[in-house]
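No value in this document is a laboratory result; all are computed from the given coordinates. These numbers were taken from a predicted model, which means no experiment stands behind them. Please note: Cβ atoms are built from the backbone with ideal geometry, for glycine as well, and neighbour counts cover all protein chains shown.
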């Protein structure tokens with residue numbers, strides 16, 4: 001694998017010969033998302049503001065859709081369970097998994113700012129719509145507006161922090 005950068009190594013490495021390596025890489029990514037999501041501030045009607053979007057966006061933008069999707073799904077759902085929001089875990093698994101996958105699929109490994117912003121807007125809106133609908137069915141439709149406000153905040157802060165970090169990581173890994 002000499003001459004390959006870390007991004008292409010992660011995405012193109014034949015894990016069938018060393019599945020432990022894939023499991024270890026994904027476990028670290030899941031732990032990163034879970035730790036960031038664990039930094040949470042409770043909000044109205046069973047919602048909470050967290051920093052998980054930062055981790056999901058960094059991983060998705062740096063390593064692509066598979067990494068972003070798996071880490072987003074498992075890391076976020078595990079944290080829902082640990083924080084006592086178990087009823088949300090199955091929905092979170094799907095919503096955050098899709099969000100991470102879509103962001104990474106559209107702009108994984110990209111440094112083009114326009115493409116990255118479009119990817120985050122699409123992925124972020126999957127999260128916002130997904131949680132809005134889920135909140136309406138699980139809690140009440142009156143609780144949807146506060147959820148949307150919190151989720152827009154998470155998406156915005158996630159983008160502002162993750163974009164420069166992922167761009168630097170991509171440049172660094174591609175130079176290796």
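Worth pointing out:
- On Cα atoms only, tilt of 144-175 relative to the major axis of the chain in degrees: 10
- 222 nm mean residue ellipticity, helices alone, for the chain (DSSP H n ≥ 4; -39,500 (n - 2.57); rounded to 500): -26000 deg cm²/dmol
- The chain shape via C-alpha gyration tensor axes, a/c threshold 1.5: prolate
- Residues 110, 147, ranked from the fewest to the most other C-beta atoms within 10 Å, line up as 110, 147.
- Each of 134, 62 was scored by other Cβ atoms within 10 Å of its Cβ. Arranged with the fewest first, they read 134, 62.
- Cα long-axis angle, helix 19-38 against the chain (0 to 90 degrees, to the nearest 10): 40
- Within a Gaussian network of the chain (alpha carbon springs, distance under 10 Å), most fluctuating of 61, 22, 98: 22
- Computed over segment 108-176, the quotient of the alpha carbon radius of gyration and 2.2 N^0.38 Å is 1.39.
- Alpha-carbon Debye profile of segment 36-99, log10 I(q)/I(0) at 0.29 Å⁻¹: -1.24
- Panel order for 112, 80, by other beta carbons found within 10 Å of each beta carbon, from fewest to most: 112, 80.
- Residues in segment 133-174 that a label on residue 111 would reach, taking backbone N under 16 Å of a point 7 Å out along Cα→Cβ: 163-174
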